[in-house]
Amino acid sequence: MLLAVTRAGGRLVAAGERGIVLLSDDNGASWRQARVPASVTLTALSFPTPETGWAVGHAGLILRSDDGGESWSRVLDGKDTAALELAAAKAAASADPAAQRRLRDATQALDAALDNPLLDVGFLTPEHGFVIGAYGAIFETRDAGRHWQSRRDALDNPRGKHLYRLYAAADRLYIAGEQGALFESSDEGDHFQALATPYRGTYFGVATQADAGLIAYGLRGNALQSSDTGASWQALDLGQPITVTASASLPDRSLVLVDEAGRVLRRAAGGAVFQALKTPQSFSFTSVAVAADGGLVLAGIRGLTRIAPPILETASTP
């Protein structure tokens with residue numbers, strides 16, 4: 001199983017179970033394995049430059065590459081991230097019940113060395129990045145990963161809902177999570193405000209599309225669109241109640257959504273509906289990236305598959 005695929009310049013990088021990282025320099029036609037000092041599941045990738053990459057995963061693991069993903073080094077693990085959260089909880093300690101609960105949870109997490117997985121990583125610049133994960137984990141660096149700090153104070157998440165996906169668009173940063181959790185920051189992550197939506201289930205991602213605004217998607221095919229930066233929402237019809245897991249923007253400004261049934265749905269710029277693309281293989285997809293030649297590369301429970309540019313055409317309306 002592969003859980004993430006992304007671009008590093010012209011190269012494609014994928015990651016998943018047992019710490020595997022794969023590299024392709026021919027737009028996904030062939031792959032080779034990178035050198036990784038870990039065997040835990042890797043969940044997400046980010047390359048703020050073609051050379052510098054970040055990977056996160058289970059056991060609180062954060063990895064860094066400085067050679068385009070060829071080799072990786074360990075930056076932090078679960079003990080380190082638990083210690084960062086405990087230090088932040090102590091600094092914010094007060095008589096407030098929420099602060100007391102945070103301190104108690106942080107102490108228990110460090111003592112038990114819990115496997116709190118990290119679920120996404122994203123960098124606004126090569127120096128400024130965030131990592132998010134289970135139980136409300138959020139860490140920030142402003143010096144290219146030399147130092148990290150817990151930023152649970154940046155968003156109102158007292159119940160520690162899981163945070164699944166980071167998404168940066170123009171002057172906004174979004175976080176999608178479980179039980180209707182959707183947050184927006186307009187100050188590069190210094191503060192996040194909750195966005196109210198009519199769906200209380202889990203969101204697995206956020207996307208934007210020209211002339212369409214903000215799209216949030218998640219469990220059971222639920223997808224919502226807002227053209228007024230989250231003030232109001234309308235439901236999108238994706239045809240089937242199947243969990244949507246990832247998205248990508250194509251060079252022609254169309255938007256692609258992928259789901260657990262192996263569907264690849266595209267909506268053209270200015271279009272009203274999503275239509276299904278022809279795919280050479282169909283399995284439960286977890287991630288999607290646009291290759292340098294404009295094709296799509298999809299990761300999922302059976303590895304990787306590719307949709308070449310000539311067959312990026314609609315097949316049917318869901």
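The values are calculated or read from the model by the stated rules, or taken from the named source; none is laboratory data. Computed from a predicted structure; not experimentally measured. As a convention, Cβ positions derive from the backbone with ideal geometry for all residues, glycine included, and neighbour counts pool all protein chains shown.
Brief remarks follow.
- Identification of strands (runs of 3 or more DSSP E) wholly contained in the stretch 59-160 with 2 or more residues that are under 19 Å from GLU184 (Cβ atoms) yields 118-123, 129-133, 138-141.
- Residue satisfying all of: in the stretch 146-185; among the hydroxyl-bearing types (Ser, Thr, Tyr) and farther than 12 Å from ASP120 by Cβ; surrounded by the most Cβ atoms within 10 Å (Cβ to Cβ) among these: SER150
- Taking each residue of the stretch 280-300 that is without any contact (Cβ under 8 Å) to a residue 40 or more places away in the chain and looking for partners that are crowded, with 24+ Cβ neighbours inside 10 Å with beta-carbon atoms closer than 6 Å, six or more apart or interchain, yields PHE283/GLY300; SER284/GLY300.
- GLY69 being surrounded by 22 or more Cβ atoms within 10 Å (Cβ to Cβ), in contact with a strand residue (DSSP E or B) (Cβ under 7 Å, 6 or more places away or on another chain), free of Cβ contacts under 8 Å to residues at least 60 places away in the same chain and within 21 Å of HIS128 (Cβ to Cβ): no
- Of note, ALA216 satisfies the criterion of being within 29 Å of LEU155 (Cβ to Cβ), in a strand (DSSP E or B) and out of contact with any Gly (no Cβ under 7 Å at 6 or more places or on another chain).
- Qualifying residue in the stretch 75-85 (condition: over 18 Å from GLY300 (Cα atoms), of a type in the set (S, T, N, Q), buried (at least 17 other Cβ atoms within 10 Å of the Cβ) and over 18 Å from the mean Cα position of the chain (by Cα)): yes
- Verdict on ASP211 being modelled with pLDDT of 95 or more, part of a loop (DSSP other than H, G, I, E, B) and either touching a Ser or Thr at 6+ places or on another chain (Cβ under 8 Å) or not hydrophobic (A, V, I, L, M, F, W, C) (or both): no
- Search result, residues across the stretch 262-272 that are among the aliphatic types (A, V, I, L, M), surrounded by 14 or more Cβ atoms within 10 Å (Cβ to Cβ) and part of a loop (DSSP other than H, G, I, E, B): ALA268, ALA269
- Pair list, Cβ < 6 Å and 6+ apart or interchain, from the stretch 228-249 residues that are within 16 Å of ALA210 (Cα to Cα) to residues that are in a loop (DSSP other than H, G, I, E, B): GLY230/LEU195
- Checking the stretch 254-261 against the condition returns no match, with no residue being exposed (fewer than 15 other Cβ atoms within 10 Å of the Cβ) and among the charged types (D, E, K, R).
- Taking the criterion of being more than 17 Å from the chain's Cα centre (by Cα), within 23 Å of GLU127 (Cβ to Cβ) and assigned to a strand (DSSP E or B), the only residue of the stretch 1-31 that qualifies is ARG11.
- Being free of Cβ contacts under 8 Å to residues at least 24 places away in the same chain and more than 17 Å from the chain's Cα centre (by Cα) is a property that ASP252 has.
- Subset of the stretch 32-58 [surrounded by fewer than 17 Cβ atoms within 10 Å (Cβ to Cβ) and either part of a loop (DSSP other than H, G, I, E, B) or touching a helix residue (DSSP H, G or I) at 6+ places or on another chain (Cβ under 6 Å) (or both)]: PRO37, SER39, THR49, PRO50, GLU51
- Per-region count, the stretch 137-159, residues at pLDDT 95 or above and not aliphatic (A, V, I, L, M): 12
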